[in-house]
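What follows is one structure encoded as structure tokens, with my remarks underneath.
Derivation of every value follows stated rules applied to the coordinates shown; laboratory data play no part. Quick caveat: nothing in here was measured; it's all calculated off a predicted structure. With ideal geometry, Cβ positions are generated from the backbone for all residues, glycine too; neighbour counts draw on all protein chains shown.
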Amino acid sequence: MQKTIKGVIFDLDGTIANTLPLCIAAFRKTMEPLTKHPLTDDDITAMFGPTEEGTIRSLVPSYYNQAISDFHKNYAELHSMCPEPFKGITELLIELRNKGVKLAMVTGKGPRSANISLDQFGYNHYFERLETGSPDGPNKPAGLMNILNEWHDLTRDEVIYVGDAPSDIIACREVNLPIISACWAETAQPSKIEKLNPNHIFYDVPAFSRWLMNVT
């Protein structure tokens, strides 16, 4: 029998909004003038893991201050590529908050870019805790544990993480947390997700919302 969900932790890129193309565009606009050669989407996504700060530090350390400043400027200016979250997400967050469900976010983004997006969507007041990435590499298990330790009154089966990446499934298994795979973004990788057997997979926001409303 499904336990009542009392806490939901969300990813940002590809889960709350279609921000991955924005991330790629901001990286390209920032890095190509410094690396002096074109970067493909695959080149850029292969760098993902550390925060933007970590990636830029490793690629162009002598231009770090300029590059990180340019990246955040470009990310903010290009946010018109993704002016709104996925349709239905705002209504879902309102419903969850009205039901008294705890809400948090764990993202691999750096703190500044995460807050630029949350400001854009008007979402700062929805999440009681924001855990961002590390410049040294992927750290979602640590971010998830920070939330779970803070929500010490909730058991693992009363909390879910909602994320779009195969790595989210692996991170959740490391901390024994149920994972809901979001496959509604154009950047989702459903074939890879399906092979990893998450607790649930949803291919559109309305189906996920209906399920979540029934278990909260």
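Things to note:
- Normalised by the number of residues in region 39-132, the average gap of Cα pairs under 8 Å and 6 or more apart makes the relative contact order 29 percent.
- Annotation: lysines with alpha-carbon distance below 18 angstrom to Lys102 (same-chain offsets under eight excluded): Lys3, Lys6.
- Added length on full extension, which subtracts the Cα-Cα distance from 0.36 nm per residue, Asn146 to Asn199: 16.9 nm
- The convex hull drawn around the Cα atoms of region 20-81, when projected onto a plane and averaged over every direction, covers 3.8 nm².
- Relative contact order [Cα under 8 Å, 6+ residues apart], region 20-81, whole percent: 48
- The chain - charge dipole about Cα centre, Lys and Arg +1 at Cβ, Asp and Glu -1, debye rounded to 20: 260
- For the chain, relative contact order (Cα pairs under 8 Å, six or more residues apart, normalised by length) works out to 28 percent.
- Counting Lys and Arg as +1 and Asp and Glu as -1 over every other residue whose Cβ lies under 13 Å from the Cβ of Arg210, the net charge comes to -3.
- Cα-projected label distance for Leu34 with Glu186, points at 7 Å along beta-carbon direction, nm: 2.7
- Taking other residues whose beta carbon is less than 12 angstrom from the beta carbon of Tyr64, and scoring Lys, Arg as +1 and Asp, Glu as -1, yields -2.
- Three-way shape call for region 71-144 based on the alpha-carbon gyration tensor, with the a/c threshold at 1.5: oblate
- Euclidean distance of C-alpha centroids, region 137-216 and region 57-103, integer Å: 19
- Take every DSSP beta bridge whose two residues both sit in the chain; close to 5 percent of them are antiparallel.
- Distance (nanometres) between label positions extended 7 Å along Cα→Cβ at Glu128 and Lys3: 1.7
- Here the Gaussian network model covers the chain, with springs between Cα atoms less than 10 Å apart; of Leu93, Leu196, Leu22, Leu196 fluctuates the most.
- Kirkwood Rh (inverse of mean 1/r, distinct Cα pairs), the chain, angstrom: 17.7
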